[in-house]
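Here's the structure, in structure tokens; my notes come after.
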Amino acid sequence: MGDELAQIAEWRTNVFELVADCCDRWGLRIGEPYVPGACGHVVRVELEDGTPAVLKVFWPHREAEQEADALERWDGDGAVRLLDRDDELHALLLERCEPGSFLSDAPDPLGVLIELLPRLWRGGEGFHTLEAETETWTESMRETPDHRFRDVALGCIRDLAPTQGEQVLVNQDLHGENVLAAQREPWLVIDPKPLAGEREFSVSSIVRSPELGHTTSDVLNRLDRLCSELSLDRERAKGWTVAQTVAWSGGSGDYVETHMQTVHWLLEAG
């Protein structure tokens, strides 16, 4: 983890040069940046004809490796449209979402996600598989401080990974702040971390999404409603949520305690 953080910090020292190269390549006029993400730099731009857009440059890492591929497969159907890509510079030119407010601020964010998910379940051919991704999770769990949760999560992986249903395009990081208000459609997905996996996995990041409410009843209501309205197997969806949430809690940060609470509530409820 420490080596990776150092690499990201070094990448950030050259990020403005990368942005300048992209602006020259695509003939962009640069505007104000967005709040930077953990591994990316995102800035408002305008195309040569004045069309508003977004330039995203990112430090290359496994989970973002096929982001552009996912956006191409969705082709603007429920997700932000990819206008261009430069794989050498790790840069994406994207449709701009305006007003860009978070889905978590909407009256019924879960209803929006329930409408969006079936549209995003395209064929998973060509994407890294969920089963292969679980091998990386298993390795990362060595850093998980709570061994009880780790052992339960490893059991979920052993049961679920080899017994999946139809493989579709799923998003590891679909939550209330990765869907933005837009004009072309009311809501558009951004920043996907795609895999090929079964549909039940899709709800994991939503169930644990604290910006949609973080109480026992919030978490369980999201699980129950998603599975009921999308005709998903509740036990498999719960197992995937436990597995991925534990796997994504091996580092440091305020979110780790929140994630562990979510896992506790799911296991306690049965």
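What's the local net charge at L230, with K and R +1, D and E -1, over the other residues with C-beta under 13 Å away? Its environment carries a net charge of 0. Relative contact order, whole percent, for the range 104-186 stands at 50, derived from Cα pairs under 8 Å and 6 or more residues apart.
Remark on D173: its backbone amide H falls under 5 Å from those of K193, a criterion applied only to residues 5 or more positions apart or on other chains, H modelled at 1.01 Å from N.
Going 7 Å from the Cα of R184 toward and past its Cβ, which residues in the range 61-99 have a backbone nitrogen under 13 Å from where you end up? From the range 61-99, the list is 71-84, 93-98. Heavy-atom surface analysis with a 1.4 Å probe gives the range 121-270 a carbon and sulfur content of 48 percent of its accessible area. Potential lengthening of the chain between L47 and D77 amounts to 8.6 nm, from the contour at 0.36 nm per residue minus the alpha-carbon distance. With the charge dipole of the chain set up from +1 on Lys and Arg Cβ and -1 on Asp and Glu Cβ about the Cα centre, the Cα lying farthest toward the positive end among the listed residues Q66, G31, S217 is that of S217. If R0 is 22 Å, what FRET efficiency do you get for V256 and E10 from their C-beta distance, rounded to 0.05? The formula returns an efficiency of 0.30 here. Between V45 and G31, A53, V54, L55, the built amide H atoms are under 5 Å apart, and every one of these is 5 or more places off in sequence or on another chain. With the simple model of a label 7 Å out from the Cα in the direction of the Cβ, A132 to A20 spans 3.7 nm. Remark: the range 135-257 carries 41 Å² of accessible area per residue (probe radius 1.4 Å; ligands, DNA and RNA excluded).
Counting only Cβ charges, +1 for Lys and Arg and -1 for Asp and Glu, the dipole size of the chain around its Cα centre is about 560 debye. The modelled label-to-label distance for the pair D84/E65, using points 7 Å beyond Cα in the direction of Cβ, is 2.6 nm.
The values are calculated or read from the model by the stated rules, or taken from the named source; none is laboratory data. As the structure is a prediction and not an experimental result, all values here were calculated from the model. Cβ sites come from the backbone with ideal geometry, for glycine too, and all protein chains shown count toward neighbours. SASA here: full protein model, heavy atoms, side chains in, ligands and nucleic acids out. Shrake-Rupley method; radii C 1.70, N 1.55, O 1.52, S 1.80 Å.
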